[in-house]
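Here's the structure, in structure tokens; my notes come after.
The values are calculated or read from the model by the stated rules, or taken from the named source; none is laboratory data. Quantities reported herein were computed from a predicted structural model and do not represent experimental measurements. We place every Cβ from the backbone using ideal geometry, glycine too, and count neighbours over all the protein chains shown.
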């Protein structure tokens with residue numbers, strides 16, 4: 001059975017609604033989704049996650065109209081997606097077989113009420129000299145800082161075998177681009193950061209995160225949160241930051257959440273954090289969605305009621321990510337933990353989810 005679908009292309013920035021009619025010939029709706037979410041261009045393969053009423057053609061036309069004539073080969077620039085006006089959208093990239101892959105994750109405007117950001121502080125406090133060494137280290141070793149931070153959870157768990165595996169894998173990746181990285185200073189960074197694990201450190205970090213706009217204070221404070229996986233307030237602060245409009249700070253908080261996720265997560269009452277989790281599971285700063293889901297699946301003490309809560313708010317986006325060629329395997333692993341079922345492929349999971 002063929003179907004004709006009409007959809008709107010709204011200009012969110014200017015408050016206009018411009019009706020454009022697109023005739024899309026398809027067979028079943030599932031075939032429409034799979035045939036319409038990937039496009040090959042000369043420089044890349046672009047995959048869209050989250051399309052429902054929109055099509056790739058509509059996105060392309062809106063980019064040309066509202067993003068200064070931008071073409072699809074510029075969609076990896078997140079500012080272009082902002083100009084189009086999606087409530088939440090991000091583009092990430094990877095390389096496979098010498099070709100660039102671009103994954104565009106987005107939330108369409110009919111879900112805009114579910115997208116709720118937090119604002120950054122406006123006041124600036126004096127520099128916190130005690131933690132400024134973290135800023136100095138990050139400036140001296142910018143790439144090493146990112147790598148050391150990513151492995152910090154394994155260090156706290158004293159899982160040195162995982163650290164070596166992680167380093168070897170990362171080094172191999174760098175070699176492909178003719179790059180090397182000095183890891184001899186990582187131990188100094190890890191032992192230095194671990195010292196900031198007192199109650200007074202957490203109190204200071206919380207005050208800075210909620211009240212200080214100074215980046216030189218905020219970044220070390222977020223790093224310090226990695227020492228407090230036993231404190232539910234630390235997770236609440238990270239969730240708060242993940243919802244932030246400041247992309248740089250939000251992304252940095254995402255790195256810390258991944259770090260904490262590398263060692264045992266203490267028992268959380270998810271309903272104490274639903275103010276943040278509901279917007280995040282519905283796609284606020286959608287680039288963090290799978291990261292948050294992976295984190296929540298690491299809580300082995302999750303109750304049945306909490307599982308239902310997660311499913312209620314995440315199932316829509318999980319279904320979209322399941323249909324993604326790039327994210328399929330990662331999503332399947334999340335679904336196995338969430339539902340307690342052991343289906344191995346996308347088709348089995350889609351059939352199962354449709355029955356729920």
Residue selected from the range 29-63 under the condition over 24 Å from residue 99 (Cβ atoms) and modelled with pLDDT of 85 or more, by the criterion farthest from the chain's Cα centre (by Cα): 61
Any hit, the range 169-182, residues being surrounded by 18 or more Cβ atoms within 10 Å (Cβ to Cβ) and touching a helix residue (DSSP H, G or I) at 6+ places or on another chain (Cβ under 9 Å): no
Answer residue from the range 244-298, given it is in contact with a strand residue (DSSP E or B) (Cβ under 8 Å, 6 or more places away or on another chain) and not in a helix (DSSP H, G or I) and is surrounded by the most Cβ atoms within 10 Å (Cβ to Cβ) among those: 283
Among residues of the range 230-272, those that are in contact (Cβ under 8 Å) with a residue 40 or more places away in the chain and farther than 30 Å from residue 79 by Cα, counted: 6
Yes/no for residue 301 being in contact with a strand residue (DSSP E or B) (Cβ under 6 Å, 6 or more places away or on another chain), farther than 20 Å from residue 111 by Cβ, assigned to a loop (DSSP other than H, G, I, E, B) and not assigned by TED's automatic domain parsing to the domain that holds residue 53: no
Contacts under 6 angstrom Cβ, first residue in the range 167-179 being in contact (Cβ under 8 Å) with a residue 40 or more places away in the chain, partner surrounded by 10 or more Cβ atoms within 10 Å (Cβ to Cβ) and part of a helix (DSSP H, G or I), 6 or more apart: none
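Among the listed residues 5, 23, identify the single one that is within 20 Å of residue 323 (Cβ to Cβ), part of a loop (DSSP other than H, G, I, E, B) and at pLDDT below 80.
5
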Residue check, residue 290 at pLDDT below 95, within 22 Å of residue 107 (Cα to Cα) and not assigned by TED's automatic domain parsing to the domain that holds residue 81: no
Scan of the range 304-356 for residues that are touching a helix residue (DSSP H, G or I) at 6+ places or on another chain (Cβ under 8 Å), part of a loop (DSSP other than H, G, I, E, B) and surrounded by fewer than 16 Cβ atoms within 10 Å (Cβ to Cβ), ordered by number: 341, 342, 344, 345, 356
Qualifying residue in the range 76-87 (condition: out of contact with any strand residue (DSSP E or B) (no Cβ under 8 Å at 6 or more places or on another chain), modelled with pLDDT of 90 or more and buried (at least 19 other Cβ atoms within 10 Å of the Cβ)): no
Some residue of the range 201-215 being surrounded by 15 or more Cβ atoms within 10 Å (Cβ to Cβ), assigned to a loop (DSSP other than H, G, I, E, B), touching a helix residue (DSSP H, G or I) at 6+ places or on another chain (Cβ under 7 Å) and at pLDDT 95 or above: yes
Residue in the range 234-243 that is surrounded by fewer than 20 Cβ atoms within 10 Å (Cβ to Cβ) and under 21 Å from residue 300 (Cβ atoms) present: yes
